[in-house]
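Here's the structure we're looking at; comments come further down.
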Amino acid sequence: MTDVSGRPLAREMRSAECWERIARAPYGRIATTAAGEIDIFPVNHGVDRFSIVFRTALGTKLLELTINRRVVFEVDGIDGDEAFSVVVKGEAEQFDRPADVARAEELGITTWAPGQKDRWVRITPRDIQGRAFTLPPAAEHQ
């Protein structure tokens with residue numbers, strides 16, 4: 001099927017493709033809620049056995065994850081003539097077991113934001129969905 005301009009409609013990505021896109025993305029965004037407020041934070045992340053891990057510091061993000069573990073994680077981007085978005089809904093929790101931390105450190109996650117990021121967080125997904133669509137010709141080179 002196509003739209004009125006002849007481009008294929010958006011396609012649903014399979015789980016494996018969603019995980020590939022998450023693993024290749026240099027950063028994602030995590031949405032949290034606490035006390036009726038919604039916040040979105042960019043995070044550099046890695047994939048560890050079908051979970052998402054990232055480093056953070058003490059602050060708003062970690063506090064909100066402690067108050068309400070339910071989060072949404074998202075990556076998006078452009079790959080050639082195709083744009084995509086992957087959304088993961090799940091539970092976030094801080095971890096500090098030495099074996100888990102060592103495993104996470106092996107992922108080689110480098111945080112872009114300055115400061116010491118000495119807390120590790122894991123998002124365990126309960127739902128993952130991705131969509132991709134072909135860009136119009138004028139948008140491919142923007």
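For the pair Leu107 and Ala57, a Förster radius of 22 Å applied to the C-beta separation gives a FRET efficiency near 0.75, rounded to the nearest 0.05. With one equal scatterer per alpha carbon and no solvent term, the Debye-computed log10 I(q)/I(0) for the chain at 0.21 1/Å reads -1.26.
Apply the Kirkwood formula to segment 76-122: the hydrodynamic radius equals the inverse of the mean of 1/r over all pairs of different alpha-carbon atoms; give it in Å with one decimal.
It works out to 13.5 Å.
Label-to-label distance for Phe133 and Ile78 is 1.5 nm, based on points extended 7 Å past Cα in the beta-carbon direction. Relative to its residue count, segment 22-65 spans a Cα convex hull of 74 Å³ per residue. No solvent, one uniform scatterer per C-alpha: report log10 I(q)/I(0) for segment 40-85 via the Debye equation at q = 0.13, 0.18 1/Å, two decimals. The Cα Debye sum returns log10 ratios of -0.40, -0.70.
Per the helix-only calculation at 222 nm, which mean residue ellipticity applies to the chain, given -39500 (n - 2.57) for every DSSP H run of n ≥ 4 and division by its residues, nearest 500 deg cm²/dmol?
Working: 3 runs with 26 residues, N = 142.
Helix-only estimate at 222 nm: -5000 deg cm²/dmol.
If the segment from Ile67 to Asp118 were pulled out straight at 0.36 nm per residue, it would be longer than the present Cα-Cα gap by 16.4 nm.
Only the coordinates and a few stated rules stand behind these numbers; no lab work does. Treat the numbers as computed from the prediction; the structure is a model and nothing was measured. Every residue, glycine as well, gets a Cβ built from its backbone with ideal geometry; the counts of neighbours run over all protein chains shown.
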